[in-house]
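Only the coordinates and a few stated rules stand behind these numbers; no lab work does. This is a predicted model, so every value here is computed, not measured. Here Cβ is always computed from backbone atoms with ideal geometry, including for glycine, and neighbour counts include all displayed protein chains.
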Amino acid sequence: MAASENTPTAEDEIAKTDQTVDAYDKKCIFCQIVNGEMGTELLHNDEDVSCFRDIHPGAPHHYLVVPTKHVGNCKSLGKEHVPLVEKMVETGKEILQKNNVTDLNDVRFGFHWPPFCSVTHLHLHVLAPTSLMGFLSRFVYRLNSYWFVTADQLLQRLNSMS
Ligand SMILES: [Zn+2]
Ligand SMILES: [Zn+2]
């Protein structure tokens, strides 16, 4: 990297870190969870994605699907992350089916848009059934809000990037 380069913005720094930091951030709670250090039950764990229950469920079924290796929030993603996000969605659907959620029309899959994320490790919220979401969670995971994007909206955004 040339020393004469323009001073990068904070956002560039974050994006760069996300690509170069490999795998594990020891201060990150989700890295600790997927590495089995928190005693959290992993409902799914492979080299790409892992899944566990949200500790503050916003619906009868509320799972978090995360990349097993540390990846930053959705604002730092690019087109190259499309296969990862698609795999996260697929895993979310499988987990729901394993837990007897058969109506995949009554589900919500999405991401909190920065800065509305409490954990920087990318995580997909999988909630079902949406018809049983409480008032507060309807707000926190609200469609077409500026703090929550659905998985489809994120994929559309990433696919439209050059
Ligand atoms: Zn992490
Ligand atoms: Zn979140």
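Worth a mention:
- FRET efficiency for the Lys98 to Asn35 pair, using the beta carbon distance and R₀ = 25 Å, is estimated at 0.65.
- The simple spin-label model puts a point 7 Å past each Cα toward its Cβ; for Asn45 and Asp106 those points are separated by 3.2 nm.
- Loop-located trypsin sites (Lys or Arg not before Pro) in region 57-162 (DSSP state not H, G, I, E or B) with no more than 14 neighbouring Cβ atoms inside 10 Å: Arg142.
- Net length available on complete extension from Glu86 to Leu155 is 24.1 nm, with 0.36 nm assigned per residue and the Cα-Cα distance removed.
- Contour minus Cα-Cα distance for Lys26 and Trp147 (0.36 nm per residue): 40.9 nm
- Likely footprinting exposure, Ser131, Ser145, Ser162, fewest C-beta neighbours within 10 Å first: Ser162, Ser131, Ser145
- Residues considered: Leu64, Leu43, Leu96. Largest GNM mean-square fluctuation over the chain, using C-alpha springs under 10 Å, is found at Leu43.
- Checking every one of the chymotrypsin sites (Phe, Trp or Tyr not before Pro) in region 84-162 against DSSP loop status and a limit of 14 other Cβ atoms within 10 Å picks out Phe116, Tyr146.
- Model label zone, Ile55; criterion: amide N under 20 Å from point 7 Å along Cα-to-beta-carbon; scope region 114-145: 116-127, 137, 140-141
- Rounded to the nearest angstrom and listed largest first, the equivalent-ellipsoid semi-axes of region 50-162 from its Cα gyration tensor are 21, 16, 13.
- The chain: relative contact order as a whole-number percent, Cα under 8 Å and 6+ apart: 25 percent
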